[in-house]
Structures are given as structure tokens and as C-alpha cells.
């Protein structure tokens, strides 16, 4: 039987809008059940049940800590109001101390703007289930019980199935606009990179008639060079915006 071990798991998140609530309030799916994370672990449903019950009997709050900086009091940026296991994982509602902690206010501002959209929890894995052999031949360890110490926003994540469910006043319409702009730019770059005689090129202008026109060779090189980068950015944007 594996021994208890300290764990900290950073989780990829997805930002979506929320209405109402007070400034500093957020909800997050901080752990996902049943999928393999980048550490080769699978957190099973029920893993947090005992720990959440223990926290309910305590006088203190489960803290929101920025990026596991336990040794810095200023990184204790809030506390959790509610925590429940749902079908997808551990869903938590927290409130950041935006009025009296500048770091909490800054982190929340970055969450609103979409620069920070990942979460991490820290704790102790105390019980394990069976090892599972994956399709690639590797083994994944099921974790059946976790002593939860804290959870909070961070910069980079490890588990692709968790979500930052809501942040007050998040402007998702802006993200939709950015996606459309990226799609339009990608179409333009693909057109610029098309070889001469491309049937999709409907231009009938004679290049020699316009001395100010861009050299077709340079235009083609620009389109061919930039298009893959714009395509990758578009894919990243839609992946973050859509289901993780």
C-alpha cells in the first residue's frame, strides 16, 4: 500500500461569465474526477468527502492561497464559503479579500481579465485505489482520499478537465470578438500565402499598374509564415474558451 504523500496539483481552467455576487467572489472546479492528470494520478469521486466534513467542524476557514505560497501571509488572499463534490469534481465558492489585501485585489483583477484562469490545490493523499494501466502502457494511480489543505489560483496548470466556473463581471463577449478577429486574420493570411493562379484568388488587377502594391512574393511569404502562428493562437483561444 502506498504511503501518504503531500500533493499539489495545478489545474487547467476555463473562464465563463457570472452575474450577481460581490466583488472578489468566484467559483471553481478545483479538482476533476476520473481523468488522468499530468502527474499520472486519477482523483476518484469521494476523495474529498472526509476532508470537507472535517473542515465543517473547524472554526477556521479553508484558505485561498496564491500559487501555494504558504510562507507568505500576503498570499493568503481569501477563504472558501462553500465546497461540494459534484459529478465532475470538487466545486468550491470562494471570496477574495479585495478590500484589504492588495495582492488579492490584483489577483482578482487578473482573473477578471482572463490572464489567470487556472487553479491548484494542495493537500495530502492518504488513501489509494488500484493502479490502472493506460492505453500507452503506463500506470496511473487512483487516489481515493485527500486531506485538503488549501486551493487557489495559479499561473500554469496540469489537469485539463478543471474549470474556473465563474468570475464576477467577466466579459466573454470580448473573447468571442477576438476569436472572430483571429478567424478573419487567418483567412487573410491564407489568401496571401496562396500560390499564383489559385482558383480562390478573384483579383483581376494587374500588379504592374500599381507602383504602391506589395511585392506578391513578399505577400506570399508573409501569409505562409504568419498563418501557422495565427492558427495556433486561434486553436488555443477556442480551446480555453470552449470545453477543456
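I need a count of the residues in region 78-131 that are farther than 22 Å from residue 50 by Cα and assigned to a loop (DSSP other than H, G, I, E, B).
9
Being exposed (fewer than 13 other Cβ atoms within 10 Å of the Cβ) and in contact (Cβ under 8 Å) with a residue 40 or more places away in the chain: is that true of residue 46 here?
Yes.
Residue 97: over 16 Å from residue 36 (Cα atoms) and buried (at least 17 other Cβ atoms within 10 Å of the Cβ), yes or no?
yes
Mind counting the residues in region 63-78 that are modelled with pLDDT of 90 or more and surrounded by 16 or more Cβ atoms within 10 Å (Cβ to Cβ)?
Of the residues in that region, 8 qualify.
Among the residues of region 20-36, is there at least one that is crowded, with 22+ Cβ neighbours inside 10 Å, assigned to a loop (DSSP other than H, G, I, E, B) and modelled with pLDDT under 90?
Yes, some residue in region 20-36 is crowded, with 22+ Cβ neighbours inside 10 Å, assigned to a loop (DSSP other than H, G, I, E, B) and modelled with pLDDT under 90.
State all residues of region 124-154 that are more than 19 Å from residue 44 (Cα to Cα) and either touching a strand residue (DSSP E or B) at 6+ places or on another chain (Cβ under 7 Å) or modelled with pLDDT of 90 or more (or both); if no residue qualifies, say none.
Selection gives 152, 153, 154.
The values are calculated or read from the model by the stated rules, or taken from the named source; none is laboratory data. Since the model is a prediction, treat every value here as computed from it, not as a measurement. Here Cβ is always computed from backbone atoms with ideal geometry, including for glycine, and neighbour counts include all displayed protein chains.
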